[in-house]
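Quick note: the coordinates plus some simple rules give every number you see, no bench work behind them. Just so it is clear, the model here is predicted, and its values are computed rather than measured. Every residue, glycine among them, receives a Cβ derived from its backbone with ideal geometry; neighbour counts consider all protein chains shown.
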Amino acid sequence: MKAILISSHYESRCSDGHNASSTTWNHKKVLLKDIRKGSYDKELRNLLRLTCSQHKDKEIEYFCDTCHTPICLACVFLEHREHICLTASEAVVAQKDRLVNYAAKVNEKLQHLENEKKVVCENFARVNKHQTEANANIEKQIEGIIAQIERHRQQALQLVEDRIEETLKQCNSQVEQAYLKITLAKGCLEFCETMIVHGKDEEVLYLEETITKRLQQLEELPNVDLKPIARDVFPDINEQTCGIQDLESLPSAQVDSVQTESNFILHSCLETSKISFKLLRIFDTGFDSDTQSPVIRSMAVGNNTIILSDSANGKIKCISTSGTLKECLTTGDDFSPFAVAVCKNVIGAVHANYLYMFDQIGKGTHKLMLSAKPPGGTIFTFALANYRNEGFIVGNLPDNYFRVYSTDGILQERFSLHLQKPLTNLSVDKSGHLVTCEWGDSCVRVRDLHGTKLTNCQVPPTWKPFAAHEDRNGFIYVVNNSQHAVSVFDPDGTDILHHATIPDGLQKPLNLAFDDEGLMYLVNIFGYINVYKVSVERLTVNAPRELGSTAWCQ
């Protein structure tokens with residue numbers, strides 16, 4: 001085999017010297033830079049032939065698969081004669097196959113690592129984005145709070161100025177009255193003294209009645225109230241501002257609650273709403289066709305019809321808005337409807353772990369299993385509502401999911417929200433947001449479908465919210481069963497009205513609904529319904545309310 005002579009440059013005398021020698025005349029002469037470029041890699045590999053580790057003068061021709069080592073022909077007949085031996089070319093093919101498999105696995109692992117890197121980078125970017133959004137949101141909230149505090153300051157100063165101006169006017173009036181009374185008293189006294197000293201006998205005799213009347217008038221003059229102005233004439237500004245906290249001492253987790261609380265204090269200083277209930281009619285939903293006294297579990301209103309689930313009589317009652325029974329729906333089975341809703345001309349009802357649908361003529365069209373019965377036979381009390389007049393939404397599923405079904409019985413959407421279980425009632429407002437009654441923390445919340453809390457209506461821990469609906473003005477009406485009342489919250493979640501229902505003849509209200517005209521229907525478990533006309537009047541209030549104050553309407 002020809003050798004390769006490496007040189008960084010050609011020297012003619014060196015080349016001639018190699019050509020003159022019998023041992024090197026046939027050597028190939030190349031430049032070092034060409035070697036570095038890889039131009040002679042194949043020739044170099046051919047020169048570097050491996051030799052046997054046991055027989056240095058023998059080249060590698062075989063591979064012992066048992067010992068996993070390259071050997072020569074002599075080794076095959078000596079140390080490895082009982083081993084599995086392959087020719088070098090066969091061993092190279094097998095080894096290349098294994099290397100291909102290893103390379104594929106390494107490539108797969110590399111791809112997995114690349115994906116992990118991508119996810120980590122995305123998470124990093126997402127965290128940075130969330131941080132930026134959170135910082136911007138906090139700055140925006142703090143700016144809003146500062147603006148609200150400034151408006152509160154101006155309002156409080158104006159309140160003091162108005163009250164002082166009113167009080168000064170009162171003081172000026174009292175001063176004028178005092179001067180007038182003093183003038184009258186002096187005139188009467190001067191007349192009497194003149195008659196006593198200078199009056200003639202006949203004048204005294206004839207003017208006796210006049211003098212007597214003037215003396216009586218003098219005695220009867222009312223005393224001027226000279227008491228100092230009490231401090232309670234002026235507004236207690238300390239009390240008005242006691243709800244504004246030191247923002248620097250607040251932990252970051254309470255920034256959102258500061259916004260809500262400040263809005264409550266300051267919003268009431270600027271504008272409020274007066275809501276009044278007018279009872280229009282009362283009727284009973286127990287009819288002669290009932291075999292038992294009604295037990296109402298749920299109510300919905302649509303198409304000028306009141307839909308009631310009467311679990312005691314095992315049917316759904318369809319009643320006109322004036323209280324006339326139109327028809328009853330049942331399945332023929334052991335039917336005990338719980339939640340009901342109406343969408344277009346389709347009525348939905350939940351019984352046990354099934355969702356039933358009835359068409360406009362009262363025929364059952366679908367029976368959908370919502371979930372398997374849990375161990376022990378316990379049945380979940382599912383929440384049901386009309387979803388944007390497109391179908392029905394079901395909540396309180398065992399897997400914590402919400403599902404949206406079309407009126408054709410097709411599952412349209414499935415999503416999960418973290419609730420303070422149990423969920424006792426569900427409704428959907430005009431924007432498609434969910435209004436949920438959550439007994440876990442006695443709260444009514446408005447959420448979007450991503451779970452973002454838009455409004456929190458915190459009710460007292462002494463009672464549980466049985467049902468909640470939003471009217472067309474954005475106010476939230478919550479049934480207060482234990483206190484026989486309906487509470488009204490504004491769109492910010494502030495409690496602005498508490499209407500007692502016992503004076504209206506309705507005990508323990510259970511559910512409520514609104515019709516297309518805005519009338520409110522309130523039902524109790526025994527099937528008695530009160531119909532109210534609700535009026536909303538926007539008012540501007542000069543004096544701020546104290547934190548926690550509530551308007552009570554009896």
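Sequentially through the range 129-138, phi angles give Karplus couplings (6.51, -1.76, 1.60; θ = phi - 60°) of 5, 4, 5, 4, 5, 4, 4, 5, 5, 5 Hz, Gly and Pro residues having no value and appearing as x. Summing charges over all other residues whose Cβ lies under 12 Å from the Cβ of R388, with Lys and Arg as +1 and Asp and Glu as -1, gives -1. For the range 420-490, a/c is not less than 1.5, where a ≥ b ≥ c are the root eigenvalues of the C-alpha gyration tensor, and a/b does not top b/c. That puts it in the oblate class.
Per-residue 3J(HN,Hα) values for the range 107-124, derived from phi via the Karplus relation 6.51 cos²θ - 1.76 cosθ + 1.60 with θ = phi - 60°, read 5, 5, 5, 4, 5, 4, 5, 4, 5, 4, 4, 4, 4, 4, 5, 5, 4, 4 Hz in sequence order (x marks Gly and Pro).
The length gained by stretching the chain between I282 and E133 to full extension, at 0.36 nm per residue less their Cα-Cα distance, is 48.4 nm.
For the residues T452, T167, what sequence is obtained by ranking on other C-beta atoms within 10 Å, fewest first?
The order, fewest Cβ neighbours first, is T452, T167.
Using the Cβ-Cβ distance between E43 and R126 with R0 set to 56 Å, the FRET efficiency works out to roughly 0.50. The count of lysine pairs in the range 274-348 with alpha-carbon distances below 19 Å, taking only pairs 8 or more places apart or on different chains, stands at 4.
Stretched out straight at 0.36 nm per residue, the stretch from V295 to Q141 would grow longer than its current Cα-Cα span by 50.7 nm. Near the amide H of A385, within less than 5 Å, lie the amide hydrogens of I393, all on another chain or at least 5 residues away, with H placed in the peptide plane. Partner lysines whose Cα lies under 23 Å from the Cα of K56, excluding those fewer than 8 positions away in the same chain, are identified as K2. Remark on Q412: its backbone amide H falls under 5 Å from those of V404, Y405, S406, a criterion applied only to residues 5 or more positions apart or on other chains, H modelled at 1.01 Å from N.
Karplus-derived 3J(HN,Hα) values for the range 483-496, using 6.51 cos²θ - 1.76 cosθ + 1.60 with θ = phi - 60°, are 9, 6, 7, 10, 9, 10, 10, 7, x, 8, x, 8, 6, 10 Hz; glycine and proline are entered as x.
Using the Cβ-Cβ distance between W439 and T167 with R0 set to 56 Å, the FRET efficiency works out to roughly 0.65.
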